[in-house]
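Written below as structure tokens is the structure these notes are about.
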Amino acid sequence: MVNFDDKRNFYRMLLNSEVNLTIIDDEINSKFVATCRDLSATGIAIEMSHPLELGTRLKAKVESANSAVQSLDVTGKVVRVEEESTDLYLVGVSIDDID
């Protein structure tokens, strides 16, 4: 682990990619599409039009634009929600598992 200028332990890769989200729920697994802003080895930042509650468990899949690179499938929980503007929220997800 290297300490970068922004005081993170892992490098954060900037993206602007579609991410397919599934909220893990006992009753209904809600699915929707959002934008992956960036990701690292331990987290993913997602832009969306509505907030999610802290602690919400979800699955996220970022498709690869290159057939030689595997898609990213992760499971995690919401650890941060920031309202950036009207109908634009930045949701921070801590990654628990990578498939």
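The values are calculated or read from the model by the stated rules, or taken from the named source; none is laboratory data. Since the structure is predicted, the reported quantities are computational estimates derived from the model, not experimental observations. Virtual Cβ from ideal backbone geometry, glycine too; neighbours counted across all protein chains shown.
Taking the stretch 52-98 as the range and being more than 12 Å from the chain's Cα centre (by Cα), acidic (Asp, Glu) and closer than 15 Å to Val19 by Cα as the test, only Glu63 passes. Summed over the stretch 43-55, residues that are surrounded by fewer than 18 Cβ atoms within 10 Å (Cβ to Cβ) and in contact with a Lys or Arg (Cβ under 9 Å, 6 or more places away or on another chain) total 3.
Contact map, the stretch 26-45: first residue more than 17 Å from Thr75 (Cβ to Cβ), second residue among the basic types (Lys, Arg), Cβ cut-off under 9 Å, separation 6 or more or different chains; pairs are Asp38/Arg12.
Checked against (1) touching a residue at least 12 places away in the same chain (Cβ under 8 Å); (2) assigned to a loop (DSSP other than H, G, I, E, B); (3) surrounded by fewer than 16 Cβ atoms within 10 Å (Cβ to Cβ), Ser67 passes all but a single condition, namely (1). Checking each residue of the stretch 15-24 against the condition of being modelled with pLDDT under 80 and surrounded by 11 or more Cβ atoms within 10 Å (Cβ to Cβ) gives at least one match. Against the conditions (1) out of contact with any Lys or Arg (no Cβ under 6 Å at 6 or more places or on another chain); (2) surrounded by 11 or more Cβ atoms within 10 Å (Cβ to Cβ); (3) not aliphatic (A, V, I, L, M), Lys77 satisfies every one except (1).
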